[in-house]
Amino acid sequence: MTALAENHARLEDRIAAACRAAARPRAEVELMAVSKTYPAATLLEAASLGLALFGENRVQEFAAKAGELATLRQNAAHPARVHLIGHLQSNKAARAAELFDAIDSVDSLRLALRLNDAAARLGHRLPILIELKLSAEETKSGLDPASTEAAQLLERLPDLTRIELRGLMTIAPFGVPDTETRACFRALRGWRDRWAAAYPHLSFPVLSMGMSSDFPLAIAEGSTRIRIGTALFGPRPPAGESA
């Protein structure tokens, strides 16, 4: 058994335990393998273990390995999907719409408009998540859910027929007590519930929250998609070194 296979088996045990503790079926929680910095060969090995959803952070980085994954993504029976989960500049929206199966980090109306136009040119619908910033950390990206722009985005989305809202995403603050982490995840669920009631024409089935260090807390608070990198692939190499 390879190191990745062993990590995957241990991770699945931990996810199952977290689901049991939360009285939730394991099938309610989707596992996204965060494959940033890892080569295409690692994604192919992960896919051989049954993983089918991957998260990448940068447009250019994924563009360099997308060709090697084309057959995997075009598999008729079990196609792999690759989502962009990192911050996306609006001037890269067109390229992102070409490369990725979904954009999980939409944080402005301007970006949504650019993605809608790009998807229209490509002739398909592009699933998106809205990323919310629910902590005070300056390094975090995301839309302030109480902002005027958030309201404007939600109002405009029904008219943007080439993008499809699938839910919300957030990143909890690092190095804080579990109570603060859970409060962040609970806030995302709260905004989902509030917006689902206020905008019944929109759909919010996905709550993407929880990473290697905090996914049991996210599952307890209702996460439907956890984004796991280190616990699956191991520690990432230092900057400048090959994965």
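Summary table
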| item | result |
| --- | --- |
| Output for region 83-118, where each listed residue is in contact (Cβ under 8 Å) with a residue 40 or more places away in the chain and charged (D, E, K, R) | ASP104, ASP117 |
| Any hit, region 150-170, residues being under 21 Å from the mean Cα position of the chain (by Cα), surrounded by fewer than 18 Cβ atoms within 10 Å (Cβ to Cβ) and over 26 Å from GLU98 (Cβ atoms) | no |
| Matching residues in region 184-204 - criterion: being over 19 Å from the mean Cα position of the chain (by Cα) and crowded, with 19+ Cβ neighbours inside 10 Å | TRP195 |
| Cross-chain or 6+ apart pairs with Cβ under 8 Å, region 56-81 first and more than 20 Å from LYS92 (Cβ to Cβ) and surrounded by fewer than 16 Cβ atoms within 10 Å (Cβ to Cβ), then modelled with pLDDT under 95 and among the charged types (D, E, K, R) | PRO79/ARG73 |
| Yes/no for THR37 being hydroxyl-bearing (Ser, Thr, Tyr) and surrounded by fewer than 12 Cβ atoms within 10 Å (Cβ to Cβ) | no |
| Where a residue in region 10-23 is in a helix (DSSP H, G or I) and its partner, wherever it lies, is surrounded by fewer than 12 Cβ atoms within 10 Å (Cβ to Cβ), with Cβ under 8 Å and at least six apart | CYS19/PRO25 |
| Extreme residue, nearest to ALA151 (Cα to Cα), among residues of region 75-121 that are in contact with an Asp or Glu (Cβ under 6 Å, 6 or more places away or on another chain) and assigned to a loop (DSSP other than H, G, I, E, B) | ASP107 |
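The values are calculated or read from the model by the stated rules, or taken from the named source; none is laboratory data. Everything numeric in this text was worked out from a predicted model, so none of it was measured. FYI the Cβ positions are ideal-geometry reconstructions off the backbone, even for glycines, and counts take in every protein chain you see.
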